[in-house]
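What follows draws every value from the coordinates through simple rules; no lab data is involved. Quick caveat, the model's predicted, so the values are computed rather than measured. Don't worry about glycine lacking a Cβ; one is built from the backbone with ideal geometry, like all the others, and counts go over all protein chains shown.
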């Protein structure tokens, strides 16, 4: 294992968006077993500290690789397309209009049926964004266009939390 390896190299998986979650999970378990500090107890405190560093590095990589949004953002960054979500908020007009529509629907939602309909729209938009990201990263190798889709997916994910909070409000 090399601390300088990117997450994909560390896990021995192809550097692409489409991944087999089961393979990532299995590899994580194998890597954690290899780097567990208890395996290095006989080699002293320094070896255990290094093993602990490896364990932390493996967990960080696992968190990025298992989550499609984090994996997409990481791939864009690796390919030179910074997400810059805090600074770069430019989005296509159609997406901005859709955001406004969702906000209005959320404000006007009077029951679970309204929220279910909105949640279905969000899930469809999420699936479409993930398909677009996969196409842009794995087929077209266009990280800059994919970065824009990642920013859209970030909004969809955040808005999904707002919808969940509204479900909770209705349930009280």
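What FRET efficiency comes out for residue 161 versus residue 110 if R0 is 30 angstrom and r is the Cβ-Cβ distance? Round to the nearest 0.05.
0.90
Sequence gap at least 6, Cα distance under 8 Å: using those rules, report the relative contact order of the chain to the nearest whole percent.
So the answer I get is 24 percent.
What whole-number volume per residue, in cubic angstrom, does the convex hull of the C-alpha atoms of the range 41-93 give?
110
If you fit an axis through the alpha-carbon atoms of helix 45-66 and take the longest principal axis of the Cα set of the chain, what angle between them do you get, 0 to 90°, nearest 10?
30
Angle between the Cα long axis of helix 93-108 and the longest principal axis of the chain, 0 to 90 degrees, nearest 10?
Here the helix axis deviates by roughly 70 degrees.
Percentage of Cα-Cα pair distances in the chain greater than 19 Å, rounded to whole percent?
64
Quick one: helix 68-78 against the long Cα principal axis of the chain, what's the angle to the nearest 10°, folded into 0 to 90?
The angle comes out near 70 degrees.
So for the range 79-167, what are the equivalent ellipsoid semi-axes in whole Å, largest first, each being the square root of 5 times an eigenvalue of the Cα gyration tensor?
Equivalent ellipsoid semi-axes, largest first: 27, 13, 10 Å.
With 5 Å bins from zero, work out the P(r) of the range 7-66 over every alpha carbon pair and list the percent per bin.
Result returned by the calculation: 4, 20, 28, 19, 13, 9, 5, 2, 0.
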